[in-house]
Structure formats: structure tokens, C-alpha cells
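Quick notes on the structure that follows.
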Amino acid sequence: MVSLSALTLVEFREINLQSWCMPQHTPPEEWPFPETMKPDGLGYMPLYCAAQWIVSCGGSFSFDPKDETYWKPACDALLARLATEEIRVIGFEHGEPQPVPAHCFAGCRVSYPFSDTPLELILGEDLYLWSPIYLD
């Protein structure tokens, strides 16, 4: 058995630690549900907004944002397009914007908006998709 005093360094993958420590998924009831952002032309769009656009059928369908059954098909559709580079993703590594390789999204698991991230994703070794709610 290892005593806690013998532990000098515990290493967490940056994405997992960030997901674990930040209260991002269950907003207080007073938070507004974000307005739908229209994907106009070429350019960048937050990942959350793209999923919300798909779920809401372009803003024409109201849904319970805490119900993962709405988010799953939208995220599956996004992941399929991300994995084939039909849609490209820019991430940040050491504070610098970097393209994320398409193969990273093949078979990628998802932590859905407004839901708590499952512990096996937080503590696991596998890459997973997490996008915070975009409010501004």
C-alpha cells in the first residue's frame, strides 16, 4: 500500500482534468437556454452551436436540453462529418490554435451538453468530445 505522503506527482491529461474540475454541464435554472446560431457561409462555429443547430432543426424545434436522446443523433452526425474532414475542428494546444486531425473523431465518445461527464470518460485514457455551452 502506498501512503499519500509518498505521492509526489499525479499526472492528469489536461482535457480530463479540465472536464473534471469545471462545473460546465448543469447550469443553474436561471441561466438562459442559448439562442440558436445559424451556420452562415464559410467560417468558424462553436461545436456546441453546431450540435444545437442540428438538434433544433435550425431553431424550429424546441427540446429539453437535459435529455441526451436529442443530443446523441446530432453529435453522431457531427462526428461522422468530423471524421471525414467534411467539417474541420480547430483546438488549442499550449494556448495555440491547432487543427485537430480527423481520425481523432472516429469512434469518439461524447459528453453531452447539460449532462454530467461520466467518470469513466474523465478518468479514462480515451479521447472524448466535450463542448461547453456557448453563451456569447
**Request:** Would you please name the trypsin sites (Lys or Arg not before Pro) within the range 38-89 that are DSSP coil residues with at most 15 other C-beta atoms within 10 Å of their C-beta?
**Result:** LYS66, ARG88
**Message:** Suppose each label sits 7 Å from its Cα in the direction of the beta carbon; what would the PHE61-PHE33 distance come out to in nanometres?
**Reply:** 1.3
**Rounded if a/c under 1.5, otherwise prolate or oblate - the range 29-130, Cα gyration tensor axes** = oblate
**Prompt:** How do the peptides 118-126, 68-76 rank, highest first, by the average count of neighbouring beta carbon atoms within 10 Å per residue?
**Reply:** 68-76, 118-126
**Request:** For a quick protection proxy, order the peptides 38-47, 100-109 by their average other-Cβ count within 10 Å, most packed first.
**Result:** 100-109, 38-47
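At a 1.4 Å probe, what is the % contribution of carbon and sulfur to the accessible area of the range 71-115?
Numbers: 1530 of 2760 Å².
Percent of accessible area from carbon and sulfur atoms in the range 71-115: 55.
The values are calculated or read from the model by the stated rules, or taken from the named source; none is laboratory data. A quick note: this is a predicted structure, and the numbers were derived from the prediction, not measured. Positions of Cβ are generated from backbone atoms using ideal geometry, with glycine treated the same way; all protein chains shown enter the neighbour counts. These area figures cover heavy atoms from the full protein model, side chains too; ligands, DNA and RNA do not enter into them. Shrake-Rupley method; radii C 1.70, N 1.55, O 1.52, S 1.80 Å.
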